[in-house]
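Below: one structure, written as structure tokens.
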Amino acid sequence: MDNRPIGVFDSGIGGLTVVKEMLKFLPNEEIVYFGDTARVPYGTKSKDTVTRFALECIRFLNKRKVKMIVIACNTVSASSLPEIRKKISIPVQGVITPGARAAVAVTKTKKIGVIGTERTISSGAYIEAIKSLDPETQIYSKACPLFVPLVEEGWLDDDVTYLAAEKYLNPLKQYEIDTLVLACTHYPLLKGVLKKVMGDGVILVDSATETAKAVKQTIDSLKIQRTIETLPQHKFFVSDTPDKFVKVGEMFLGRKMDFIQKINTEEYVY
Ligand code: DGL
């Protein structure tokens, strides 16, 4: 048993898509979430910067005495996971392998589209992960850099978002994909719009469910479950004003964020 919380981080609100699934699969675990809203987006930045930001987020979570780290961010998982694993002694779970697993499980035609941030797409991490599971798949990827600011703005079902989605996704349609991987934890918040643009013939998959299952597996196999029977008190921290984060986040999670706090720069930046 280990009653310490699980630390989860993302550049902003996107990681809540993973939290939502963790609440289902790990209902007795306590979560400490950090959204680096002062520095979002990560996906347009260099690998070195993303790695440095990620280690700073982990520094903050470690101060909250977490027993495990969940990188609820494809950009960080794609560019920095091996370096993070080398530096951190507690278990670390990324989102790329779970996302790849979800895609390979549902595709019938083996033609898969992958959309994500510029950093995630240029890393080639999804192509590598999907191909290692099924070498016969054909993968077509596309960076959609405007989606993250649209989500952070809370424009989840807006005309502007719809137009941006059409512009990004229409070129993917010529490849007759049957599966589209939402390779950014922000994107499941745009599922309604993305579904409308891609049509019923394309299944949208993301990493959230598979990641939550993988976290549960780690917790169970290491026997580090929280055994206290009182309800877990989840805590949410952000590095900039929390107003929009709380508004969009509560709507998405379908529950109140009872504890939300803006942290100071010196609490995480070296
Ligand atoms: N939600 C993150 C991801 O999964 C980061 C997006 C960003 O900050 O650009 O890639």
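The values are calculated or read from the model by the stated rules, or taken from the named source; none is laboratory data. Here the structure is a predicted model, which means the values were calculated and not measured. Cβ placement follows ideal geometry from the backbone for every residue including glycine, while neighbour counts extend to all protein chains displayed. Surface accessibility is based on the protein's heavy atoms, side chains included, excluding ligands, DNA and RNA. Shrake-Rupley method; radii C 1.70, N 1.55, O 1.52, S 1.80 Å.
The residue list Val66, Val148, Val114 contains one member that is under 25 Å from Phe252 (Cα atoms), in a loop (DSSP other than H, G, I, E, B) and either in contact (Cβ under 8 Å) with a residue 24 or more places away in the chain or within 15 Å of the ligand (Cβ to nearest atom) (or both), which is Val66.
Of everything in segment 187-207 that is in a loop (DSSP other than H, G, I, E, B) and in contact with a Gly (Cβ under 8 Å, 6 or more places away or on another chain), the residue that is nearest to the ligand (Cβ to nearest atom) is Ser207. Once segment 20-45 is narrowed to residues that are within 16 Å of the ligand (Cβ to nearest atom), hydrophobic (A, V, I, L, M, F, W, C) and assigned to a loop (DSSP other than H, G, I, E, B), the residue that is most open to solvent (accessible area, probe 1.4 Å) is Ala38. Cβ-Cβ distance below 9 Å, separation of 6 or more or different chains: which pairs start in segment 182-210 with a residue that is more than 16 Å from Asn170 (Cβ to Cβ) and end on one that is more than 16 Å from the ligand (Cβ to nearest atom) and part of a loop (DSSP other than H, G, I, E, B)? Short answer, once both residue conditions are applied: Gly192/Asp157; Ile203/Thr107; Ile203/Asp178; Val205/Thr107. Flag: Leu133 matches the condition of being over 22 Å from Tyr42 (Cβ atoms) and open to solvent by 20 Å² or more (accessible area, probe 1.4 Å).
Taking Val197, is it surrounded by 13 or more Cβ atoms within 10 Å (Cβ to Cβ) and touching a strand residue (DSSP E or B) at 6+ places or on another chain (Cβ under 6 Å)? So Val197 does not fit the description; no.
What residue, of Lys223, Lys191, is surrounded by fewer than 20 Cβ atoms within 10 Å (Cβ to Cβ), charged (D, E, K, R) and at negative phi?
The conditions single out Lys191.
Name the residue, out of Ala143, Ala129, that is within 11 Å of the ligand (Cβ to nearest atom) and among the small types (Gly, Ala, Ser).
Ala143
Within segment 26-53, the residues that satisfy the criterion of being farther than 22 Å from Ile263 by Cα and more than 16 Å from the chain's Cα centre (by Cα) are Leu26, Pro27, Asn28, Glu29, Lys45, Ser46, Lys47, Asp48. Would you be able to say whether some residue in segment 46-54 is assigned to a strand (DSSP E or B) and in contact with an Asp or Glu (Cβ under 7 Å, 6 or more places away or on another chain)? For segment 46-54, residues assigned to a strand (DSSP E or B) and in contact with an Asp or Glu (Cβ under 7 Å, 6 or more places away or on another chain): absent. Looking across segment 151-178, the residues that are assigned to a loop (DSSP other than H, G, I, E, B) and either closer than 19 Å to Ile13 by Cα or open to solvent by less than 60 Å² (accessible area, probe 1.4 Å) (or both) come down to Glu153, Gly154, Trp155, Leu156, Asp157, Asp158, Ile177, Asp178.
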